[in-house]
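Comments concern the structure below.
The values are calculated or read from the model by the stated rules, or taken from the named source; none is laboratory data. Please read these numbers as outputs of a predicted model, since none were measured by experiment. Neighbour counts run over all protein chains shown; Cβ positions are idealised from the backbone, glycine included.
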Amino acid sequence: MLDLLPQLLVSGLLIGGIYGLLSIGLTLIFGVLRIVNFAQGEFIMLAMFGAFWLHALFAIDPFVSIFIVTPLVFGLGLLAERIVIKPILHAPHAMQIFATFGLSVVMQNIALTFWGPDYRSVQTSYSSQSFIVGNVAISATSLYGFIVAVLMAGMLIAFLQFSRDGKALRAMVQNRYAASLMGVNTDRLNRLAFGAGVASAAVAGCILTPIYYTFPTVGVDLIITAFVVVVLGGLGSVAGAMAGGLIIGITQTLTGFYISVELKDVIALVLFILILLIRPQGLFGRAGMEEVGTK
Amino acid sequence: MSTLFNDYYLNIAVMTCLWAALSGAWNLMAGYGGLVSLGQSAFFGIGAYMTAIVYTKYGISPWFGLVAGILVTTGLAAVISWPCFRLRGAFFSLATLVFPIAMEIVANNLNDYTRGPSGIAIPFRPGLDTFIFRSRWSYLVAAFALMMLVYGITRWIHRGKLGLYLIAVRDDEATAASMGIEIVSVKLIVVMISAALTAVGGFFYAQYILFLDPPSVFSINISVQIALLSIIGGLGTPFGPIVGSLVMTPLDGVLSQFFGGGPRLLIYGVALLAAVLLAPKGIVGTAKEWRRSRWTC
């Protein structure tokens, strides 16, 4: 049993990187706009369908589709911010939750109406390929996905750390009001954060297409994992989301193998509740974030 | 033909009352207490499953299942929500989202009791002791009574001290605490009342539909539907959930007659978005505001 441990750790790490990327957008949007975007999973789903159709119709590789799908989803994010998010920025929690929930129901059922409930998958030339290192087999799609996820996360962190807009965004995460007093254009940055948040979800969606199935409610499965990851890493912390993703990926793979497959999902939920109760600010979040979180 | 026709409309009327009651129970927590739970379907499903298990497995009258369901859900509500009270706003909602998902996994795997994914079919033995009736009129009377019970409790809370405490806690917890309101016990009371009423709804659902499986009672869609009706009708008003259900449940019935799942839910989602964005106070709240502005002009 134990000789499989390196294999499981590597598989968990690879899927964890993708979980991390899934969650980065959610955490960025929460940090800047103070809104939990329940429709995040549906942006991932749309990106997956985008990559699927580009592959089915024009035989474009999902990893190339990233460059086509991401700008489209970014634009869609700007539109959604304008119509749905902006009016509810200062609304009570219930309205914020159900506005994004409503958006997710609408997007899910647009997909269901146009493309039907079927599970679709993308087969690439390297789908069944894998690299053998020692006695560990690494699947090519997962490895490429992991590399792109880490690159994307690195770019986003660099953007937040060094660029002018990135610094302004971090200022908004710390204190929106003070940032606006310092001359930060909060309206524009809200749009940017939401657009960038769903765009990073779109990258994750494209990566997932050759690994996972594409169907209208795929976002629901993914967003639960993303919530767990984000709460673990600390809502609002991008590096935390990446670390949280790796931890959840490895934990799920290990429990799935050593204990039972059914428990794989339960363990994530149990972790989720435990973290919310013991350390609600997450591993990398600021203390008190969960209390001021929606103010 | 005419009875079939009649049954169709009666069913919509029964479901309208049932949804109004469930939504009213949620409104107590969310509308008054500001505890926006996304986990109501956990209480609903437990209420339904307790009833069905007691009746089909042990052959005891489902009324005992109702009592057991109420006891279990109120106890569970206290145990699981008490630690969650530390969380505010969206964090509370996120935490509550987990319970129906966990319950669905439990129900799917607890084969000995729930028969897993294949679900429980409840044998049709009409009688008051089994709470199964031949005529839908009887169900309508019972559902209407349940709806009025929830309405009565809401009105009583709305007019009494508990309602004021809840609203104070919802609007500003720190100030409410400094005024000497026991925040945790106020929240606990309302969550337990809400859970108990939701379990009664689950009991009714089990004995009316006579079939249960994990997704049909624990689905997140049920929690959303419950919330949607109050939001459309008017959050934090006794009459809101009833108005919301009167508008949405028949509409849903008509939509499902003409459209399949996709377009129907699409219209539902648009309704939810429109309600939140255009009339955040709901039908009742907007009507009140409109009347007030007419009087003052």
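May I ask you to say which residue of B:246, B:235, B:277 is assigned to a loop (DSSP other than H, G, I, E, B) and among the aliphatic types (A, V, I, L, M)?
Testing whether each residue is assigned to a loop (DSSP other than H, G, I, E, B) and among the aliphatic types (A, V, I, L, M) leaves just B:235.
Annotation note: of B:110, B:162, B:128, the sole residue that is surrounded by fewer than 18 Cβ atoms within 10 Å (Cβ to Cβ) and away from chain A (no Cβ under 14 Å) is B:128. Is it the case that residue A:87 is within 11 Å of chain B (Cβ to nearest Cβ) and part of a helix (DSSP H, G or I)? Spelling it out, residue A:87 is indeed within 11 Å of chain B (Cβ to nearest Cβ) and part of a helix (DSSP H, G or I).
Each row is one residue, and each column tells you yes or no for (1) modelled with pLDDT of 85 or more; (2) crowded, with 19+ Cβ neighbours inside 10 Å; (3) at negative phi; (4) not hydroxyl-bearing (Ser, Thr, Tyr).
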position: A:203; (1), (2), (3), (4): yes, yes, yes, yes
position: A:229; (1), (2), (3), (4): yes, yes, yes, yes
position: A:242; (1), (2), (3), (4): yes, yes, yes, yes
position: A:253; (1), (2), (3), (4): yes, yes, yes, no
position: A:256; (1), (2), (3), (4): no, no, yes, yes
position: A:259; (1), (2), (3), (4): no, no, yes, yes
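Identify, please: which residue in the stretch B:141-175 is free of Cβ contacts under 8 Å to residues at least 12 places away in the same chain and either touching a Phe, Trp or Tyr at 6+ places or on another chain (Cβ under 7 Å) or not in a helix (DSSP H, G or I) (or both) and is, among those, farthest from residue B:244 (Cα to Cα)? Within the stretch B:141-175, the match that is farthest from residue B:244 (Cα to Cα) is B:172. In the condition set (1) surrounded by fewer than 17 Cβ atoms within 10 Å (Cβ to Cβ); (2) at pLDDT 90 or above, residue A:64 is compliant with all but (2).
Filter the stretch B:208-247 for residues that are more than 29 Å from residue B:56 (Cβ to Cβ) and among the small types (Gly, Ala, Ser); which is nearest to the chain's Cα centre (by Cα)? Of everything passing the filter in the stretch B:208-247, B:227 is nearest to the chain's Cα centre (by Cα). Can you find, within the stretch B:255-295, the residue that is nearest to the other protein chains (Cβ to nearest Cβ) among those that are aromatic (Phe, Trp, Tyr) and farther than 30 Å from residue B:8 by Cα? Of everything passing the filter in the stretch B:255-295, B:290 is nearest to the other protein chains (Cβ to nearest Cβ). Restricting attention to the stretch A:157-167, does a residue exist that is in contact with a Phe, Trp or Tyr (Cβ under 8 Å, 6 or more places away or on another chain), at negative phi and either modelled with pLDDT under 90 or part of a helix (DSSP H, G or I) (or both)? Checked against the condition, which is being in contact with a Phe, Trp or Tyr (Cβ under 8 Å, 6 or more places away or on another chain), at negative phi and either modelled with pLDDT under 90 or part of a helix (DSSP H, G or I) (or both), the stretch A:157-167 yields at least one hit. Scanning the stretch B:73-83 turns up no residue that is more than 22 Å from the chain's Cα centre (by Cα), part of a helix (DSSP H, G or I), buried (at least 23 other Cβ atoms within 10 Å of the Cβ) and touching a residue at least 60 places away in the same chain (Cβ under 8 Å). Contact map, the stretch A:124-135: residues that are closer than 19 Å to residue A:7 by Cβ paired with residues that are exposed (fewer than 14 other Cβ atoms within 10 Å of the Cβ) and of a type in the set (Asp, Glu), Cβ distance under 7 Å, separation 6+ or inter-chain. No pairs are found.
Taking the stretch A:249-270 as the range and being among the aliphatic types (A, V, I, L, M) and out of contact with any Ser or Thr (no Cβ under 7 Å at 6 or more places or on another chain) as the test, the residues that pass are A:250, A:254, A:259, A:261, A:266, A:269, A:270.
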